Amino acid sequence: MLYPVPDASGALAGFTVRFGEYAVGPYCIGQQEVFVPLDLLRP
């Protein structure tokens, strides 16, 4: 899921990418969030 994240002025600063729980072999990894700044998405 992608969630927009505003900066102090209300403009879009980036997105939070939220991963649900998933299992890798015997390891269960909980929910994780990764912030992706808008600057990374611009060419």
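The values are calculated or read from the model by the stated rules, or taken from the named source; none is laboratory data. Only a predicted model underlies this, so the values are computations on that prediction, with no experimental measurement involved. Reconstructed Cβ throughout: ideal geometry from the backbone, glycine too, with neighbour counts over all protein chains shown.
Residues that are in contact with a helix residue (DSSP H, G or I) (Cβ under 8 Å, 6 or more places away or on another chain) number at least 2 in the following strands (runs of 3 or more DSSP E) confined to the chain: 12-19.
Scanning the chain for residues that are β-branched (Val, Ile, Thr) and surrounded by 10 or more Cβ atoms within 10 Å (Cβ to Cβ) yields Val5, Thr16, Val17, Ile29, Val36. The set of residues in the stretch 20-43 being hydrophobic (A, V, I, L, M, F, W, C) and at pLDDT below 75 consists of Ala23, Val24, Cys28, Ile29.
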